[in-house]
């Protein structure tokens, strides 16, 4: 489902030096697999997810999703692939504040090949327990409810791969566990692979397949040396 | 639904600045359409308003003043025409019709004009003749009777059988009342010409009114003329204007009024310039309001991009939003236009009797709204480019 090889990304520092953030030799994820990466702040894990999602272009290397090489595509095609095959759950949820819960989910679908499907959006929101909040705006929801909207939005487009960046970072332990269980459950239902990054041991501990991002990211190893 | 929804929600989120900006556009569009329509209609209507006459003969002076006084019932008379001169022109073989008029009195601000009953036999516009409302009739030439134009009758609340006393002068002065009583014998149907603003009296009735100079009792203020042939106008022009030096022959009436519009063309140019400036400022405010909101919207745009929206979708959304503000302003601009136009048309009607048609069409009625939308879309290009360049990863979260 996901194959990464020799993926590199660096940024210019304020001093004008080029600083390498990501340098991953290989990383792969099978269809439906759920995998967690442990990483502290500044370890480059969000950049890694952004490279996989095609939001950032790598300096070199390749990212292939469902057999399509993302890193070889131009930007509009990357956007298309992202809308078609990826779901992204952010730590800060990144809901559109001016749109209702239902519209947020439908917007997530509208850029994909199947377009916005109101009935499916409703189903997804019902699945995450928000059938009674369809026409509320995000600011009218609790933090936990907002995260559930983000989950519904990420999965509404029937993605092959879900990227979750610290998805419980803004929730308390109880709600964090509930949210994580929901994400994993819904991914399983939709046969979507899940790649989650977090620094929270409680979250990481719930994954059988997990790894330190520092182990696969040679850029961090260089800094450490 | 994506693009319309994004635009709609964005406009709602920034409702106040949307309304303020659209109001500016509406004002500019309404003003522009109004200036244009009043200008073109007024020019067309005034130059076509001849009351059915080809020329006016009056005292030596300005042709324009003569026409404004005799046809539009504005301005003061430049002087009198002696009875002998009137008789001469009336009998001239090149003249088909000669109708004398005498002015100098008013009824509570509305002009009283003395004339011959034959005036009402003339077609005031092609195929249109004066008609008196049911129950009335044209005055007798030798009686103390009056026929009121429709607008004057409405404003003065005159009806058949009413009697009134004229007031001396063109401006109403309650102390300058004449001692003669006139009976209203008829009210004219509306003609949408300056005739509607006049109360008509028999020429003799006005000339011999108490208080008027008996020595001038046979003089007239002007003579309205219909020519037998167009070439007659040139011959009469030669006779009165070039060879003579006592009288003025104003011909053709329409061309003389057109000269007036030529002289005041600077005025509508100034108004149009103001409208253009308002439009420009409004387009600038579209740019400023959307551009200023970009900081607050960067995150939303980045989220949309992260969800798979293409850069050109984001560009199109911002550009369309600007165009929508323009379209909203253009639609409201029609309301502004109608209110302004009706106001101006009422003033023109009250002052001159000339009626402008609010339902008339002119290409400016589509050109102006389309130009406003295009101008606003142009104003949206800069913020749209800013949106287009929004860096998704940086905007959404700091890298970790």
Would you pick out the residues in region A:82-101 that are part of a helix (DSSP H, G or I), out of contact with any helix residue (DSSP H, G or I) (no Cβ under 6 Å at 6 or more places or on another chain) and without any contact (Cβ under 8 Å) to a residue 60 or more places away in the chain? none
Can you tell me which residue within region B:208-226, out of those that are crowded, with 18+ Cβ neighbours inside 10 Å and in contact with a strand residue (DSSP E or B) (Cβ under 6 Å, 6 or more places away or on another chain), is farthest from residue B:74 (Cα to Cα)? B:225
So, in region B:4-13, of the ones that are more than 9 Å from chain A (Cβ to nearest Cβ) and either over 12 Å from residue A:103 (Cβ atoms) or modelled with pLDDT under 85 (or both), which residue ends up surrounded by the most Cβ atoms within 10 Å (Cβ to Cβ)? B:7
Of the residues that make up region B:246-254, is at least one touching a helix residue (DSSP H, G or I) at 6+ places or on another chain (Cβ under 8 Å) and assigned to a helix (DSSP H, G or I)? yes
So which of B:284, B:262 is under 30 Å from residue B:34 (Cβ atoms), free of Cβ contacts under 8 Å to residues at least 40 places away in the same chain and part of a helix (DSSP H, G or I)? B:262
Quick test for you: out of B:319, B:301, B:328, pick the one residue that is assigned to a helix (DSSP H, G or I), at pLDDT 85 or above and either within 12 Å of chain A (Cβ to nearest Cβ) or in contact with a strand residue (DSSP E or B) (Cβ under 6 Å, 6 or more places away or on another chain) (or both). B:301
Anything in region B:43-91 that is assigned to a loop (DSSP other than H, G, I, E, B), free of Cβ contacts under 8 Å to residues at least 24 places away in the same chain and over 21 Å from residue B:171 (Cβ atoms)? List them, or say none. B:91
Kindly check whether there is at least one residue in region B:304-314 that is away from chain A (no Cβ under 14 Å), surrounded by fewer than 21 Cβ atoms within 10 Å (Cβ to Cβ) and touching a helix residue (DSSP H, G or I) at 6+ places or on another chain (Cβ under 6 Å). no
Of B:352, B:395, which residue is away from every other protein chain (no Cβ under 14 Å) and either out of contact with any strand residue (DSSP E or B) (no Cβ under 8 Å at 6 or more places or on another chain) or surrounded by 13 or more Cβ atoms within 10 Å (Cβ to Cβ) (or both)? B:352
Might you check whether a residue that is over 21 Å from residue B:53 (Cβ atoms), surrounded by 15 or more Cβ atoms within 10 Å (Cβ to Cβ) and at pLDDT 95 or above occurs anywhere in region B:168-180? no
If only one of B:286, B:281, B:257 is buried (at least 18 other Cβ atoms within 10 Å of the Cβ), closer than 30 Å to residue B:315 by Cβ and more than 14 Å from chain A (Cβ to nearest Cβ), which one is it? B:286
Confirm whether residue B:353 is modelled with pLDDT under 90, at positive phi and assigned by TED's automatic domain parsing to the domain that holds residue B:289. yes
State which residue is farthest from residue B:170 (Cα to Cα) when the search covers only region B:146-157 and only residues that are surrounded by fewer than 20 Cβ atoms within 10 Å (Cβ to Cβ) and touching a residue at least 24 places away in the same chain (Cβ under 8 Å). B:150
Under the condition of being within 9 Å of another protein chain (Cβ to nearest Cβ) and touching a helix residue (DSSP H, G or I) at 6+ places or on another chain (Cβ under 6 Å), which residue from region A:16-43 is nearest to residue B:393 (Cα to Cα)? A:21
Evaluate the following for residue A:172: is it without any contact (Cβ under 8 Å) to a residue 40 or more places away in the chain, over 26 Å from residue A:80 (Cβ atoms), more than 14 Å from chain B (Cβ to nearest Cβ) and out of contact with any strand residue (DSSP E or B) (no Cβ under 8 Å at 6 or more places or on another chain)? yes
Counting only strands (runs of 3 or more DSSP E) wholly inside region A:109-225, the ones holding at least 2 residues that are buried (at least 17 other Cβ atoms within 10 Å of the Cβ) are A:161-165, A:193-198
What do you reckon, is residue B:71 surrounded by 17 or more Cβ atoms within 10 Å (Cβ to Cβ), within 14 Å of chain A (Cβ to nearest Cβ) and more than 26 Å from residue B:278 (Cα to Cα)? no
Identify, from the list A:105, A:22, the residue that is surrounded by 17 or more Cβ atoms within 10 Å (Cβ to Cβ), farther than 22 Å from residue A:189 by Cβ and at pLDDT 90 or above. A:22
Which condition does residue B:205 not pass, out of (1) touching a strand residue (DSSP E or B) at 6+ places or on another chain (Cβ under 9 Å); (2) modelled with pLDDT of 90 or more, if it passes all the others? (2)
From the list A:80, A:62, exactly one residue is crowded, with 17+ Cβ neighbours inside 10 Å and over 25 Å from residue A:188 (Cβ atoms). Which is it? A:80
Every residue in region A:92-113 that is within 7 Å of chain B (Cβ to nearest Cβ) and closer than 19 Å to residue A:161 by Cβ, please. A:94, A:108, A:111, A:112
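The values are calculated or read from the model by the stated rules, or taken from the named source; none is laboratory data. Given the structure is predicted, the values throughout are model-derived calculations rather than measurements. So basically every Cβ, Gly included, is an ideal-geometry build from the backbone, and we count neighbours across all protein chains shown.
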